[in-house]
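Q: Sharing a structure here in structure tokens format.
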Protein chains: 2
Amino acid sequence: MEERHDLKLKPIGIIHSSYKNTGAAPYQGCRSEEISQIEVFKEFQDGLKDIEGFSHIIVIFWFHKSQGYHLLVKAPWDDVLHGLFATRSPNRPCPLGLTVAELITREENILRVKGLDAIDGTPLLDIKPYVPSIDERSVIKPGWLEGKLGKERC
Amino acid sequence: MEERHDLKLKPIGIIHSSYKNTGAAPYQGCRSEEISQIEVFKEFQDGLKDIEGFSHIIVIFWFHKSQGYHLLVKAPWDDVLHGLFATRSPNRPCPLGLTVAELITREENILRVKGLDAIDGTPLLDIKPYVPSIDERSVIKPGWLEGKLGKERC
């Protein structure tokens, strides 16, 4: 079945952060003041043109410390088993991480960002501009996380 | 350099939609009433437990019709070349698509969703719950897209 073939990716950069291992990263980074550096490899630098106009970017990365997964997991917010895809666990069949980060500055191929919860050395896969009219929704049910994370947006 | 190694992914499902080719899909699906079906392969079905509590999910997929990329691109919204990473173009070094979709129903391993702009046959890579306190930001600059997409959230 063609749809089950392996797909191949090559990182476009690497994330440098003060979180040196998985235990050190916050569960979600958006309330942290920590600054991380996203190094986009030089050959992709031209693709960053105009990114500095955006206050926030979507960073997609590879959970390189992820080792296997379980389909039912406990999350930090309660003591109940939930389906993996109803959680943000880093241990997933496709170990893709996704964080909306605040873009502080860009210098050539280096982006300084706030609110990124990736650990040091994380392979960078993609950057997309964060656009409220595309990425936000007005009426939301937050499932089993209702009341567990607070309602404040970052 | 280890960080430039190939990374391998296997799809966890497939997207069935009425958009039969790249020209048919809307630029962003969130204002469309079209219903798509996400088929999560049976072996991952247990990972969907509790997903039906969420009104919206983040769908990450593989742009399987993407063929190569340019680092400077024109988007549908103006006639200026922008850096690829400051656009949502499907033609990217890592061809990863990302859409917040409204979850209508789940039946076993099939999710019916609204607002997904992926074309028929798109490989599914990941599903994450959409959580406003994690995924939304309160103060935003939308870069070169300012005034081009409207301000209304979906």
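Q: When the Kirkwood radius is taken over all Cα pairs of the stretch B:1-143, what Stokes-Einstein diffusion coefficient follows at 20 °C and 1.002 mPa s, in µm²/s?
A: On the way: Rh = 16.4 Å.
Estimated via Stokes-Einstein, D reaches 130 µm²/s.
Q: Give A:K148/B:K49; A:K49/B:K20; B:K10/B:K49; A:K128/B:K8; A:K8/A:K42; A:K49/B:K114 a once-over and call out the pairs whose C-alpha atoms are over 27 Å from each other.
A: Beyond 27 Å: A:K49/B:K20; A:K49/B:K114.
Q: With a 1.4 Å probe on protein heavy atoms only, work out how much accessible surface B and A bury together, total over both chains, in Å² to the nearest 100.
A: On the way: alone 10860 and 10860 Å², together 13880 Å².
Chains B and A together bury approximately 7800 Å².
Q: First check a/c for the protein assembly as shown, with a ≥ b ≥ c the square roots of the eigenvalues of its C-alpha gyration tensor; if it is under 1.5, answer rounded, and if not, answer prolate when a/b is larger than b/c or oblate otherwise. Mind dumping the intermediate values first?
A: Details: a/c = 1.27, a/b = 1.12, b/c = 1.14.
Cα axes put the protein assembly as shown in the rounded bin.
Q: Taking the label point 7 Å from Cα in the Cβ direction, how far apart in nm is B:W77 from each other copy of itself, listed shortest first?
A: Label-point separations across copies, in nm and ascending: 2.9.
Q: OK, next. Return the calculated 222 nm mean residue ellipticity for chain B, to the nearest 500 deg cm²/dmol, obtained by summing -39500 (n - 2.57) across DSSP H runs with n ≥ 4 and dividing by the residue count. Write out the running numbers ahead of the final one.
A: Numbers: 1 runs with 4 residues, N = 154.
That comes out to -500 deg cm²/dmol.
Q: Put a point 7 Å out from Cα along the line to Cβ at A:N91; what are the distances to that point in the other copies, in nm, shortest first?
A: Going from nearest to farthest copy, the values are 4.1 nm.
Q: Below 8 Å, C-alpha to C-alpha, sequence gap of six or more: please give me the relative contact order for chain A in percent. Can you show the working numbers first?
A: On the way: 265 pairs, mean separation 55.1, N = 154.
It rounds to 36 percent for chain A.
Q: Which value in nm describes the separation of the simple spin-label points at B:E33 and B:E107, placed 7 Å from the Cα toward the beta carbon?
A: 2.1 nm
Q: A further question follows. Counting other Cβ atoms within 10 Å, keep those with at most 15, restrict to DSSP loop, and tell me which GluC sites (Glu not before Pro) in the stretch A:38-116 are left. Please report the intermediate quantities before stating the final value.
A: Working: sites: A:E39, A:E43, A:E52, A:E102, A:E107, A:E108; in loops: A:E108.
Sites meeting the loop and neighbour criteria: A:E108.
Q: Okay, next question. Which aspartates and glutamates, on any chain, are close to A:K141 with Cα under 17 Å apart, when same-chain ones fewer than 8 places away are left out?
A: Reachable aspartates and glutamates: A:E152, B:D50, B:E52, B:E102, B:D135, B:E136.
Q: I want to verify a result. In a Gaussian network model of chain A, Cα cutoff 10 Å, which of these has the top mean-square fluctuation: A:L71, A:L98, A:L124?
A: A:L71
Q: Let me ask you something else. If you count only protein heavy atoms with a 1.4 Å probe, what accessible area per residue comes out for chain B, rounded to a whole Å²?
A: Numbers: 6940 Å² over 154 residues.
Solvent-accessible surface per residue comes out at 45 Å².
Q: Highest GNM mean-square fluctuation, chain B, Cα pairs closer than 10 Å: which of B:L116, B:L125, B:L81?
A: B:L81
The values are calculated or read from the model by the stated rules, or taken from the named source; none is laboratory data. Predicted model, so just to flag it, every value in this text is computed and none were measured. Backbone-built Cβ (ideal geometry, glycine too); neighbour counts: all protein chains shown. These accessible areas exclude ligands, DNA and RNA; they are computed on the full protein's heavy atoms, side chains included. Shrake-Rupley method; radii C 1.70, N 1.55, O 1.52, S 1.80 Å.
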